[in-house]
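Novice: Can you read through this structure? Questions will come right after.
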Amino acid sequence: VKHGVSVIALRNAGHLGRIGDWPTMAAKAGLMSIHFVNTSGAGILVAPFGGINRRLSANPVAAGVPVEGGSPIVMDMSCCTIAEGKLRVAFNKGVTVPEGCIIDSTGKPTTDPKVFYGDPPGAILSVAGHKGYALGVITEMLAGSLTGGGASTPAKKDRLANGMLSIYLDPNRFAEHDVFAGDVQEFVRWVKSSEKVTPEGQILMPGEIEEQTKARRLRDGIELDANTWQSLVDVARSLSVPVDSV
Ligand SMILES: NC(=O)c1ccc[n+]([C@@H]2O[C@H](COP(=O)([O-])OP(=O)(O)OC[C@H]3O[C@@H](n4cnc5c(N)ncnc54)[C@H](O)[C@@H]3O)[C@@H](O)[C@H]2O)c1
């Protein structure tokens, strides 16, 4: 990064999947970064604070920090209480979702993912009430309006397109390398030195839980519910891919 900072505006991308991959790659290259994402058309899912209809997209915000001698800190969270993918998995499994995540088409709280996919549909709530809503609105502006991809609008409902604004920062241009690296390490130690809620509990930095899950899944494989597996089999068959190879 020649100038110590780089800003990239991406519009009309396909589904970008896990936004946390970008800050992880950047942190491994020694850079801090923050990424704001919207879905300008087909991904409108979230009710505005005080409203009941879907108006915003899930609006993931992800950021990463390199940690010398350790795994990077990676925050990767949507501004809504539950990712739509997790609602789909719960719907496929026929199980309920946690309370406080979704509302039905009349604005009543529900834990039934069927209601979310009903006609008329339900909506997802923002995280932390008005605060998550405010962050979602700003994310729509940065990832949608600013990039030229557009904020969430029903006019583009037939196409799922992600917009992303990424800001990369070279920490070495702001502080001496050792000062920055030492401060990050000290902060991680300080945070983790807190007493735990339960003796067997753990205090994790953002990104650690995903690392643990990745290690477990690389070792044990990925659990899939029957409906999700069947969908994969159906797609494979439709493309003449032998199911044994899926
Ligand atoms: N491309 C898109 O349009 C789109 C839209 C929505 C979500 N997504 C992706 O979906 C994924 C899921 O998003 P989500 O909002 O459900 O995230 P999440 O709730 O699973 O995690 C949010 C953050 O909390 C941290 N965290 C979780 N448990 C923790 C613990 N016990 N201690 C400390 N930190 C903890 C995680 O490391 C993560 O940084 C993300 O990868 C996101 O990028 C993509």
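Each value in this text was obtained by applying a stated rule to the coordinates, not by laboratory testing. Bear in mind the structure is a predicted one, so any value in this text is a computation, not a measurement. Cβ: placed from backbone, ideal geometry, glycine included. Neighbour counts: every protein chain shown.
Novice: Search the structure for amide H atoms under 5 Å from the amide H of Val5, placed 1.01 Å from N in the peptide plane, and list their residues when 5 or more places away or on another chain.
Specialist: Under 5 Å from the amide H of Val5: Asp170.
Novice: For the stretch 157-216, what is the charge dipole size about the Cα centre, in debye to the nearest 20, if Lys and Arg each add +1 at the Cβ and Asp and Glu each add -1 at the Cβ?
Specialist: Taking the Cα centre of the stretch 157-216 as origin, the dipole is about 360 debye.
Novice: For Ala134 and Glu99, what is the calculated FRET efficiency with R₀ set at 22 Å and r taken between the beta-carbons, to the nearest 0.05?
Specialist: For R0 = 22 Å, the calculated efficiency reads 0.45.
Novice: Taking H placed 1.01 Å from N in the peptide plane, check which residues at least 5 places from Cys80 or on another chain put their amide H under 5 Å from its amide H.
Specialist: Excluding prolines and chain starts, which carry no amide H, the hits are Val127.
Novice: With +1 assigned to the C-beta of every Lys and Arg and -1 to the C-beta of every Asp and Glu, and no other charges, what is the dipole magnitude of the chain about the Cα centre in debye, to the nearest 20?
Specialist: 660
Novice: In terms of the Cα gyration tensor, with a ≥ b ≥ c the square roots of its eigenvalues, is the stretch 1-74 rounded because a/c is under 1.5, prolate because a/b exceeds b/c, or oblate?
Specialist: Values: a/c = 2.77, a/b = 2.06, b/c = 1.35.
Note, shape of the stretch 1-74 comes out prolate.
Novice: About the Cα centre of the stretch 140-246, how large is the charge dipole given +1 on each Lys and Arg Cβ and -1 on each Asp and Glu Cβ? Please answer in debye to the nearest 20.
Specialist: With only Lys, Arg, Asp and Glu charged at Cβ, the dipole is about 400 debye.
Novice: Based on DSSP, what percent of beta bridges with both residues in the chain are antiparallel, to the nearest 5?
Specialist: Here the share of antiparallel DSSP bridges comes out near 95 percent.
Novice: Could you work out the relative contact order of the stretch 12-101, using alpha carbon pairs under 8 angstrom and six or more residues apart, expressed as a whole percent?
Specialist: Rounded, it is 25 percent for the stretch 12-101.
Novice: Same structure, new question: Rounded to the nearest 500, what is the 222 nm mean residue ellipticity of the chain from helices alone, with -39500 (n - 2.57) per DSSP H run of 4+ residues and division by all residues?
Specialist: -9000 deg cm²/dmol
Novice: Please sort 223-236, 15-28, 38-51 by packing, taking for each peptide the average over its residues of neighbouring beta carbons within 10 angstrom, highest first.
Specialist: Ranking the peptides 223-236, 15-28, 38-51 by packing returns 38-51, 15-28, 223-236.
Novice: Could you tell me the relative contact order of the chain? Use alpha-carbon pairs under 8 Å, at least six residues apart, and round to a whole percent.
Specialist: Relative contact order comes out at 27 percent.
Novice: Read phi for every residue in the stretch 44-61 and hand back ³J(HN,Hα) as whole Hz from Karplus 6.51 cos²θ - 1.76 cosθ + 1.60, θ = phi - 60°, with x for Gly and Pro.
Specialist: These are the phi-based 3J(HN,Hα) values: 7, 9, 10, 7, x, 4, x, x, 10, 9, 5, 10, 10, 8, 5, 6, x, 10 Hz.
Novice: Could I ask something else about it? Roughly how tilted is helix 130-140, in degrees to the nearest 10 and between 0 and 90, from the longest Cα axis of the chain?
Specialist: Helix 130-140 and the main axis of the chain meet at about 90 degrees.
Novice: Can you check what the net charge comes to around Pro60, using other residues whose Cβ is under 14 Å from the Cβ of Pro60 (Lys, Arg +1; Asp, Glu -1)?
Specialist: Details: positive: Arg18, Lys86; negative: Asp21, Asp76, Glu84, Glu140, Glu210.
Combined, the nearby Lys, Arg, Asp and Glu give -3.
Novice: Ok, one more. So what's the angle, to the nearest 10 degrees on a 0 to 90 scale, between helix 226-238 and the longest Cα principal axis of the chain?
Specialist: Around 80 degrees separate the two axes.
Novice: Farthest toward the dipole's positive end in the chain, which of Pro98, Leu204, Gly70, given Cβ charges of +1 (Lys, Arg) and -1 (Asp, Glu) about the Cα centre?
Specialist: Going by the Cα projections, it comes out as Pro98.
Novice: Take each of the peptides 207-217, 87-97, 134-144, average the number of other beta-carbon atoms within 10 Å over its residues, and list them starting from the highest.
Specialist: 134-144, 87-97, 207-217
Novice: Sticking with this structure for a sec: Compute the acute angle (0 to 90°) between the alpha-carbon long axis of helix 177-192 and the principal axis of greatest extent of the alpha-carbon atoms of the chain; round to the nearest 10°.
Specialist: Compared with the principal axis, the helix lies near 60 degrees.
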